[in-house]
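Trainee: Below is one structure. I have some questions about it.
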Amino acid sequence: METVLSGIRATGRLHFGNFLGAVQNFVKFQQPGNTCLYFIADWHTLTTLDDPEELRGNLVEIVKDYIAAGLDPEQSIIYAQSSVPEISELCLYLSMIQPLGELERVPTFKDLVRKNPDNVNLGLVTYPVLMAADILGPKATLVPVGEDQVPNVEMARNIAGKFNKRFGNTFVVPEMMAQMIKVPGLDGAKMGKSEADNAIDINAPIEAIRERYLKKGITDRERLRVTDPGDPYNRCQSVYPVHELVTDGEIETREIANLCISAQIGCAACKHRLVDGIAKILEPFQERRARLANQNEYVKDVLHEGGKKARTRIKETTEQVRDRVGIVIY
Ligand code: ADP
Ligand code: TRP
């Protein structure tokens, strides 16, 4: 019996890293007995995005991705962060017990500053505190995220512990997921929405994905000819590591690695096999996704109902927190 919670920012359309690292786990935890809350972090999006139309559009499209991936609005609470104003109130209370110095040292903050050097706004600094409010408000016990978000979840755990110590047991300290992954992009760096054109759009036609891997996917740079033995484990940057995540079974991935090491498969053939594996995952998703393409009204209903449900839960915590810190609404 877990309370599972996670969110994704509406900074762009979802890529395969989001899909494998986050959304697939959201679906996995949607099981009888678990309470699941999955949201779109539209306030967090504002730290780096200032195009209102894009934000509104991305939000609705990502909810369609959630549903097409297997999230069922009857089983999971799907909402927009901003539908629950109490989250920002919680963030305010939590910010009072969070030292600034720690926030400036969080790796995700440094990363965001590196990517947005001209806009180091206060929202970027308090990003993990708002994220803690997201997580602690519904008293989540489990937070499925990709590897890059570990420092932020760690911060939420810290804040919960600190608050409980100072004001008495109020928050649940959430667990980190056991295995988190980092899906590399075509250039070998973490696949990201905002990074240098290295992402695989989960809604792109499979043949376009194939072409992107064939043209841009970086493999073992020291393997100059097909007859040279490759080193899939240490030198292949964007293809073998993804095989390990999508290709069925350990035996099959070992077989691919051995074919590369013994120079029996070339990089292009290996890329074809990878994309065949990706297609097996994405084709059923894309079929369901196509049926949602014109369902904006349905998505709005889902968000409206989800927002109400999330708010009820989070309001309860907010009232407790107000009471603990001494705030009375007159
Ligand atoms: P992005 O990093 O592309 O801007 P987000 O920050 O909104 O995307 O991430 C949403 C979720 O997807 C988070 O749980 C994050 O850890 C996960 N995620 C993003 N990129 C990857 C990746 N390359 N591999 C694994 N998980 C990822
Ligand atoms: N920071 C997360 C990301 O960039 C998104 C997010 C916001 C989140 N609030 C959250 C994830 C709460 C998990 C739990 O991916």
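The values are calculated or read from the model by the stated rules, or taken from the named source; none is laboratory data. Bear in mind the structure is a predicted one, so any value in this text is a computation, not a measurement. As a convention, Cβ positions derive from the backbone with ideal geometry for all residues, glycine included, and neighbour counts pool all protein chains shown. Keep in mind that these areas ignore ligands, DNA and RNA; they rest on the heavy atoms of the full protein, side chains included. Shrake-Rupley method; radii C 1.70, N 1.55, O 1.52, S 1.80 Å.
Trainee: Kindly indicate which of 47, 141, 108 is more than 28 Å from residue 287 (Cβ to Cβ), modelled with pLDDT of 95 or more, among the polar types (S, T, N, Q) and within 14 Å of ligand 2 (Cβ to nearest atom).
Mentor: Every option except 141 fails the conditions.
Trainee: Here is a further query. Can you tell which of 168, 137 is in the same structural domain as residue 43 (by TED's automatic domain parsing) and on the phi > 0 side of the Ramachandran plot?
Mentor: Within the list 168, 137, the selection yields 168.
Trainee: Only residues in the range 129-151 that are within 13 Å of residue 21 (Cβ to Cβ) count as the first member; pair them with residues that are part of a loop (DSSP other than H, G, I, E, B) and away from ligand 1 (no atom under 11 Å from the Cβ), Cβ under 8 angstrom, at least 6 apart or cross-chain, and list the lot.
Mentor: As it stands, the answer is 143/174, since those pairs meet every condition given.
Trainee: Residues of the range 218-257 being part of a loop (DSSP other than H, G, I, E, B) and open to solvent by 70 Å² or more (accessible area, probe 1.4 Å), which ones?
Mentor: 221, 222, 224, 225, 226, 227, 229, 233, 234, 235, 248
Trainee: Within the range 80-106, which residues are touching a Leu at 6+ places or on another chain (Cβ under 6 Å) and touching a residue at least 60 places away in the same chain (Cβ under 8 Å)?
Mentor: 80
Trainee: Here's another thing I want to ask about it. When you scan the range 176-190, do you find a residue that is out of contact with any helix residue (DSSP H, G or I) (no Cβ under 8 Å at 6 or more places or on another chain), surrounded by fewer than 17 Cβ atoms within 10 Å (Cβ to Cβ) and in contact (Cβ under 8 Å) with a residue 40 or more places away in the chain, even just one?
Mentor: no
Trainee: Same structure again: Confirm whether residue 54 is farther than 19 Å from residue 142 by Cβ, open to solvent by 40 Å² or more (accessible area, probe 1.4 Å) and more than 14 Å from ligand 2 (Cβ to nearest atom).
Mentor: yes
Trainee: For the range 193-215, what are the residues that are part of a helix (DSSP H, G or I) and open to solvent by 60 Å² or more (accessible area, probe 1.4 Å)?
Mentor: Within the range 193-215, 207, 211, 212, 214, 215 meet the criteria.
Trainee: Which ones in the range 26-43 are surrounded by fewer than 22 Cβ atoms within 10 Å (Cβ to Cβ) and either within 11 Å of ligand 1 (Cβ to nearest atom) or part of a loop (DSSP other than H, G, I, E, B) (or both)?
Mentor: Matches in the range 26-43: 30, 31, 32, 33, 34.
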